[in-house]
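Following: one structure in structure tokens, then a few remarks.
The values are calculated or read from the model by the stated rules, or taken from the named source; none is laboratory data. Everything quoted here is computed from the prediction, not taken from an experiment. Cβ sites come from the backbone with ideal geometry, for glycine too, and all protein chains shown count toward neighbours. Just the protein is used for accessible areas: all its heavy atoms, side chains included, with ligands, DNA and RNA removed. Shrake-Rupley method; radii C 1.70, N 1.55, O 1.52, S 1.80 Å.
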Amino acid sequence: MTSGRPAHGRRRPVGPAGDGVTPLRSRVRAWLLPLAVVALTAAGCGAQGDGAASGRVSGELVVFAAASLNDAFDALGDAFGDEYPDVEVVANFAGSQTLASQIAQGAPADVFAAANTTQMDVVAAAGGLSAAPEVFTTNRLEIAVEPGNPLGIDGLADLTDPGVQLVLPAEEVPAGSYARQALEAAGVTVTPSSLERDVRAALAKVELGEADAAVVYASDLVVADGRAEGVPIPPRYNVAAAYPIAVLADAPNPATAAAFVDFVLGDQGREILAAHGFSAP
């Protein structure tokens, strides 16, 4: 995606021709999921340290972000690129527990945005943060159901009905942990038909008609765009999900990483997050 303005800086292909990897330009985002691709782009970037060396906001920025942030950070990447046209943003979206593990294993990244403090603490305990993380947004849970809610699911208790095919994010996933807290608070015991690797995978099961219900974030229902509907969970059972963000200790481009974190925490960043169903911290 381009901004409509001439590109600044050099064109740098990523990976061999025909490998399916999108070439990056200084005004083009490449939102790439596999860790292998992120590692390849970082390893192959001879000028990745441009911003780090000069202290300027420029060069490549690698962001590891929770799966539930996918669409919001897509928009944030666009807006940040408008502000700083000499920055290339590469994002790796996955469950926060997966991202924390990748960072601990040495994956090259500048910024980590998690869906809970637990996984941020994992990175902090390993000495992986350059400064204390800041909570930049919050979220809440809802029940995702098929359009029109054909089974008439009104609350968490209805998820125990043997005729309801329920999916949940796996317990180690932040959304999965939050979902279990909500179910426990409501005194509800469920038997999910499957456990998914992240919250977007759980939502996709409902969108594709492969499940009747899933416990997801309210923000996920915003991007579902009619492919699923949300059933509110009362505040007395709901869980407030706190999302922390931080610059990583081994960030190849710390100056640009700090600018991105400031952008996310700023007014424009919060407006974008609100538009995608997130709440102020």
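Only one residue in Asp225, Asp220, Asp158 is touching a Gly at 6+ places or on another chain (Cβ under 9 Å) and either at positive phi or open to solvent by 10 Å² or more (accessible area, probe 1.4 Å) (or both), so which one is that?
The unique qualifying residue is Asp158.
Which residues, counting only those in segment 60-104, are part of a strand (DSSP E or B), touching an Asp or Glu at 6+ places or on another chain (Cβ under 9 Å) and of a type in the set (Gly, Ala, Ser)?
Listed by number, the residues that qualify are Ala66, Ala91, Ala94.
Considering Ala107, Ala131, Ala124, which residue is in a loop (DSSP other than H, G, I, E, B) and open to solvent by 40 Å² or more (accessible area, probe 1.4 Å)? It would help to see each step written out before you state the result.
Numbers: Ala107 fails: open to solvent by 40 Å² or more (accessible area, probe 1.4 Å); Ala124 fails: in a loop (DSSP other than H, G, I, E, B).
On inspection, the qualifying residue turns out to be Ala131.
Of all residues in segment 229-281 being under 15 Å from Phe136 (Cβ atoms) and acidic (Asp, Glu), which is surrounded by the fewest Cβ atoms within 10 Å (Cβ to Cβ)?
Only one residue tops the list, namely Asp267.
Provide a single number: the residues in segment 164-189 that are aliphatic (A, V, I, L, M) and assigned to a loop (DSSP other than H, G, I, E, B).
Looking only at segment 164-189, we keep the residues that are aliphatic (A, V, I, L, M), and these are 164, 166-168, 170, 173, 175, 179, 182-183, 185-186, 188.
Then keep just the ones that are assigned to a loop (DSSP other than H, G, I, E, B); that gives 164, 170, 173, 186, 188.
Number of matching residues: 5.
When you check Phe73 against the structure, is it modelled with pLDDT of 95 or more, among the hydrophobic types (A, V, I, L, M, F, W, C) and touching a Phe, Trp or Tyr at 6+ places or on another chain (Cβ under 6 Å), yes or no? Break it down stepwise before answering.
Details: modelled with pLDDT of 95 or more: yes; among the hydrophobic types (A, V, I, L, M, F, W, C): yes; touching a Phe, Trp or Tyr at 6+ places or on another chain (Cβ under 6 Å): no.
Judged against the criteria, Phe73 is not a match.
Going through segment 73-89 one residue at a time, which ones are in contact with a Ser or Thr (Cβ under 7 Å, 6 or more places away or on another chain) and surrounded by 24 or more Cβ atoms within 10 Å (Cβ to Cβ)?
If the condition is that a residue be in contact with a Ser or Thr (Cβ under 7 Å, 6 or more places away or on another chain) and surrounded by 24 or more Cβ atoms within 10 Å (Cβ to Cβ), then Val87, Glu88 are the ones that fit.
Name the single residue that is surrounded by the most Cβ atoms within 10 Å (Cβ to Cβ) among those in segment 203-217 being among the aliphatic types (A, V, I, L, M) and within 11 Å of Glu146 (Cβ to Cβ).
Going through segment 203-217, the residues among the aliphatic types (A, V, I, L, M) turn out to be 203-204, 206, 208, 211, 213-216.
Add one more test, that the residue is within 11 Å of Glu146 (Cβ to Cβ), and what stays is 206, 208, 211, 213-214.
On the way: Val206: 27, Leu208: 11, Ala211: 25, Ala213: 28, Ala214: 30.
Going through the qualifying residues, I end up with Ala214.
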